[in-house]
Amino acid sequence: MVPTWFPGSPEGFRHSSPHTQNRFLARPGRRIGLCVATFTLILLWLGAGLPSDITQYHVAKYPSTSLSRSPATSQSRFPRKIWQIWKHDPSSFAQQELERARTWTEKNPEWRWEVLTDANELGYVEHHFGPHGFNRPDIVEFFRTVQIKIIKADLLRYLVMYVEGGMYTDIDVEALKPITEFIPKAFDEAGIDMIIGIETDEPKFKNHTILGPVSRSFCQWTFACKPQLPFLLRMVEMAVDRLQSLAKRQGVPISDVSVDFDQVIACSGPGVFTDAILQYMNEKRTQGPPITWDNFHHMYDAIQVSRVLVLPVQAFAAAQTHSRSGKTHKVPAALVKHHYGVSNWTSRHSRYKHPVYGEVERCLFDEVCVNLWDRNVEAYMHLDKKKIN
């Protein structure tokens, strides 16, 4: 039987019997009658207008083909599917979530749209990475054991995109343009395995104690890829290694590991995402200097490195007030608009906050502000403790 995954269904898997399919094919007269009836219903439906409720018409119900699919390098096109991850299924989406999801389905009507939820995420991982899938019990066990929601959300997007490919985007991201416009005309989709964009491009802070790890990164709230890219699985392995090392340092099992904001970024977020992609870009490079962040600094046009298409910062991360991302999304380069903070994960994982001068992140990479914060913190450290008290 062919397993069918229902993203919005708490039952998880259902099956369609091949014997049922064969009986249908064996009755051509009935098949013709059903086709005529179906065609009539379609005409009536079109006459009534398109449905406005995307939760009924854009939750795909079809067999997963992950185990029979060809490797990414043999595929000329990106799979036409859009993936999102959220707490609950689309029938329980808030109006704002529905409106943002609708921007993806309306601008990409030929693409399937699917949502994985808290209720079915483990079933998905067990099915695709269990003994009848890619057979990675280590990944299944880690995903089952780790309890931190943002870590699971990060890992899940990498796992889904490894299995299925297509377009991944966070639930709080609005599509501004169709996905077909994400690849500039100068590039050939057949020669591209992944589409990413710049998130942060502030390398002058690379040696800063706090800002350094987040000063250079690719965006992972929106990206596209073809299925079964080896470095996506390696990305998951790197994240698992980093989190296991952190748990060991804390002297706790992985189920009890705790992470602050910076550790989330480094272990499962843009940090590991960026590191794994840069590593891949250099793997088969035999000539010239290694690929580093310098290749993407102050980048205004898309470039392709290996089989990865890198888009400039305004594509996925416009109007951030840093990284030369501009002040508005109303520019030709902007493809999506990120409405930050819907999941509110940052409130559960603290940043370093100085008792007097607060968080340096509030400077938003403004050099004058950061330098002032550094000087004030340095001076504070040398104050007489008696005077402080």
Taking segment 260-272 and keeping only residues that are part of a loop (DSSP other than H, G, I, E, B) and crowded, with 21+ Cβ neighbours inside 10 Å, one is left with 268, 269
Evaluate segment 91-107: report whether one residue or more is in contact (Cβ under 8 Å) with a residue 40 or more places away in the chain, closer than 29 Å to residue 263 by Cα and surrounded by fewer than 16 Cβ atoms within 10 Å (Cβ to Cβ). no
Take segment 149-199 and flag every residue that is surrounded by fewer than 21 Cβ atoms within 10 Å (Cβ to Cβ) and of a type in the set (Ser, Thr, Tyr). 180
Does segment 345-357 contain any residue that is in the same structural domain as residue 86 (by TED's automatic domain parsing), at pLDDT below 90, under 18 Å from residue 222 (Cα atoms) and in contact with an Asp or Glu (Cβ under 7 Å, 6 or more places away or on another chain)? no
Restricting attention to segment 142-149, does a residue exist that is in the same structural domain as residue 193 (by TED's automatic domain parsing), polar (S, T, N, Q), closer than 20 Å to residue 264 by Cα and in a strand (DSSP E or B)? no
For residue 304, state whether it is modelled with pLDDT of 95 or more and in a helix (DSSP H, G or I). no
Here is a list of conditions, (1) without any contact (Cβ under 8 Å) to a residue 12 or more places away in the chain; (2) assigned to a helix (DSSP H, G or I); (3) under 30 Å from residue 332 (Cα atoms), and residue 154 meets all of them except one; can you say which number that is? (1)
Segment 117-138 residues that are more than 18 Å from residue 237 (Cα to Cα), paired with ones that are part of a loop (DSSP other than H, G, I, E, B) and modelled with pLDDT of 95 or more (beta carbon under 7 Å, 6 or more apart): 127/133
Considering only residues that are modelled with pLDDT of 95 or more and either under 17 Å from residue 155 (Cβ atoms) or small (Gly, Ala, Ser) (or both), which ones fall in segment 89-114? 101
For segment 180-192, does any single residue satisfy the condition of being in the same structural domain as residue 309 (by TED's automatic domain parsing), outside any loop (DSSP other than H, G, I, E, B), within 12 Å of residue 83 (Cβ to Cβ) and polar (S, T, N, Q)? no
Within segment 339-355, residues in contact (Cβ under 8 Å) with a residue 60 or more places away in the chain, of a type in the set (Gly, Ala, Ser) and closer than 19 Å to residue 214 by Cα come out as 341, 350
Can you tell me which residue among 240, 173, 163 is in the same structural domain as residue 344 (by TED's automatic domain parsing), within 30 Å of residue 364 (Cα to Cα), in contact with a Ser or Thr (Cβ under 6 Å, 6 or more places away or on another chain) and among the hydrophobic types (A, V, I, L, M, F, W, C)? 173
Of the criteria (1) polar (S, T, N, Q); (2) at pLDDT 95 or above; (3) more than 23 Å from the chain's Cα centre (by Cα), which one residue 279 fails: (3)
If I filter segment 312-353 down to residues being in a helix (DSSP H, G or I) and exposed (fewer than 15 other Cβ atoms within 10 Å of the Cβ), which single residue comes out as nearest to the chain's Cα centre (by Cα)? 346
Verdict on residue 252 being among the aliphatic types (A, V, I, L, M) and either free of Cβ contacts under 8 Å to residues at least 12 places away in the same chain or surrounded by 19 or more Cβ atoms within 10 Å (Cβ to Cβ) (or both): yes
Just wondering, is there one or more residues in segment 242-264 that are touching an Asp or Glu at 6+ places or on another chain (Cβ under 7 Å) and of a type outside the set (Ser, Thr, Tyr)? no
Output the number of residues of segment 322-338 satisfying the condition of being free of Cβ contacts under 8 Å to residues at least 24 places away in the same chain and out of contact with any helix residue (DSSP H, G or I) (no Cβ under 8 Å at 6 or more places or on another chain). 4
Against the definition (surrounded by fewer than 18 Cβ atoms within 10 Å (Cβ to Cβ) and farther than 22 Å from residue 339 by Cβ), how does residue 136 come out, yes or no? no
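The values are calculated or read from the model by the stated rules, or taken from the named source; none is laboratory data. Computed from a predicted structure; not experimentally measured. A quick note on method: Cβ atoms are made from the backbone with ideal geometry, for glycine too, and the neighbour counts reach across all protein chains shown.
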